[in-house]
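Just so you know, all these numbers are worked out from the coordinates, no wet-lab data involved. Here the structure is a predicted model, which is why all the values come from computation and not from measurement. Quick reminder, even Gly has a Cβ in these numbers, built from the backbone with ideal geometry, and neighbours come from all protein chains shown.
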Amino acid sequence: MISSQPSLEELFDHVWGMLVRGGADGRHPYHFPSFATIHNQRGIEQRTVVLRKADKGKRQLICYSDMRTRKVAGLAENEQAHWLFYNHGSKEQIRARVTTQLHHQDESSNEKWVTIPPKNRGDYLGPVPPGNLTDEHTDNRPVSFKQNPTEENTQSGYKNFALIVSTVYHLDFLKLSRDGHIRAQFNWRDDKWEKSWVAP
């Protein structure tokens, strides 16, 4: 909750506080943001992802992906991406411009992979690359996984697991209110955050 006449510093702390909560709380509205990428051939593509973690000190937003997705292919072409968060209850929107770094079969991705319970690894076990056309409906999960997911029969999914680390360089905050909307922007320049008011 922010005051009716907040300072820029209060808004900045509020924005990051809500992002951190969104990454930690699966019931928070910011846990399922939109993530947009730019592709050389297909243009802009947007999808819902799970915010796994937000880190104010490192300016990071983190999500996971199957390495074979078009999302990852787009980031390989262009490291720029956008996140969009909206909380219907508080009528607050956060937009984040970021640069991204992909981690695949490295120390960072392995640290995250080992924390994922076998029952949650099904998204990375699909025999068909996500997004590919199929002749009939498939949930794209092996029978062995559906019968009994174990550490052993889900370990092969690690080759498809990707960690996407986004480093934020621009934040746009908007709060809708009958008493008057509030909008501010925060830009990372010269190793510090520049904070500015913006007309809603």
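Here are a few things to note about the model shown:
- All lysines inside 20 Å of LYS112 as judged from Cα atoms, apart from same-chain residues fewer than 8 positions distant: LYS53, LYS56, LYS58, LYS71, LYS159
- Signed unit charges on C-beta, dipole axis of the range 52-109, positive-most listed residue ALA76, GLY57, HIS88: HIS88
- Structure-derived Cα Rg over 2.2 N^0.38 Å - corresponding label in (1) 1.14; (2) 1.64; (3) 0.95: (1)
- Qualifying GluC sites (Glu not before Pro) for the range 73-128 [loop in DSSP, other Cβ within 10 Å: at most 16]: GLU79
- DSSP loop trypsin sites (Lys or Arg not before Pro) with at most 10 other Cβ within 10 Å: longest gap in the chain: 28-177
- Helix-only mean residue ellipticity at 222 nm for the chain, each DSSP H run of n ≥ 4 adding -39500 (n - 2.57), per residue, nearest 500: -5500 deg cm²/dmol
- Inter-label distance, LEU84 to TRP188: 2.2 nm, where each label sits 7 Å from its Cα along the C-beta direction.
- Applying the Karplus relation 6.51 cos²θ - 1.76 cosθ + 1.60 with θ = phi - 60° to the range 15-32 yields 3J(HN,Hα) values of 4, 5, x, 5, 5, 4, 4, x, x, 9, 10, x, 9, 6, x, 7, 6, 10 Hz, where x marks Gly and Pro.
- Dipole magnitude (debye, nearest 20) for the range 1-127, charges at Cβ of Lys, Arg, Asp, Glu: 340
- Modelled label positions at HIS181 and TRP197, each set 7 Å beyond Cα in the direction of Cβ, lie 1.6 nm from each other.
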